[in-house]
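Have a look at the structure below, then the notes.
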């Protein structure tokens, strides 16, 4: 495996830190392998080990040390680079400066089906319901007015946390048109969008979601606080699970 570039080292440390601090490192290893779209077989070949060893680590039958975690993460990044580096290009542009527009940002320890997110927010699908089987790795809750008024295109990278494989949840929405126009023009795309506030969603917003192939959900949660609490409970239920052995 070739030596990592400075930007790869930064990204490797960021991902490795999440794995090390995770209550279930195996699940987090698996999460990042899936985010970077790499099979156990491909990764094992890169690391010159058996795929069963990768499986043992991901399923908690082995406990990864810091040396293995570093090799694991650098191998993932190296493979992604060999395949065009799409993930590296996205993640390297992300910044983590807090914004008044961001209400909450969470990274799941493992993927969640988009349909589950819809259920948690008391959602009604209004576009691309057939894509709700896709996997979601985190969510960002945004005040839509603050988002539109205060965030520039470059600042908007902050909403994607560590991956675009997430749900963007817009609150204080009137029709849904402005958030979906923002999603349409931004180069990074979420895997689903939730709108909270309107009685009905603007037809242009629906069309834009269909063009981008992004499931669009209208949340019927009683308030923003209810919405935030419901998603936080989902996150807490995942992070507090007893690691499998």
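Selection of first residues in the stretch 49-70 that are assigned by TED's automatic domain parsing to the domain that holds residue 16 and of second residues that are part of a loop (DSSP other than H, G, I, E, B) and buried (at least 18 other Cβ atoms within 10 Å of the Cβ), restricted to Cβ pairs under 9 Å at least 6 apart or on distinct chains, gives the following pairs, ordered by first then second residue: 57/64; 60/24.
Does at least one position in the stretch 232-241 carry a residue that is touching a strand residue (DSSP E or B) at 6+ places or on another chain (Cβ under 8 Å), under 19 Å from residue 143 (Cβ atoms) and buried (at least 21 other Cβ atoms within 10 Å of the Cβ)? No - not one qualifying residue is present in the stretch 232-241. In the stretch 177-194 there is at least one residue that is crowded, with 21+ Cβ neighbours inside 10 Å, farther than 17 Å from residue 107 by Cα, touching a helix residue (DSSP H, G or I) at 6+ places or on another chain (Cβ under 6 Å) and modelled with pLDDT under 95. Annotation: residue 221 fulfils all but one of (1) free of Cβ contacts under 8 Å to residues at least 40 places away in the same chain; (2) touching a helix residue (DSSP H, G or I) at 6+ places or on another chain (Cβ under 6 Å); (3) not in a helix (DSSP H, G or I); the unmet one is (1). Among the conditions (1) closer than 27 Å to residue 106 by Cβ; (2) surrounded by fewer than 14 Cβ atoms within 10 Å (Cβ to Cβ); (3) over 18 Å from the mean Cα position of the chain (by Cα), residue 57 misses just one, which is (2). The residue list 205, 167 contains one member that is touching a helix residue (DSSP H, G or I) at 6+ places or on another chain (Cβ under 6 Å) and farther than 18 Å from residue 101 by Cα, which is 205. The helices (runs of 4 or more DSSP H) located wholly in the stretch 28-121 that include 3 or more residues which are at pLDDT 90 or above and at negative phi occupy 40-47, 51-58, 66-82, 114-120.
The values are calculated or read from the model by the stated rules, or taken from the named source; none is laboratory data. Just so we're clear, the structure is a prediction, and the values are computed from it rather than from any experiment. So basically every Cβ, Gly included, is an ideal-geometry build from the backbone, and we count neighbours across all protein chains shown.
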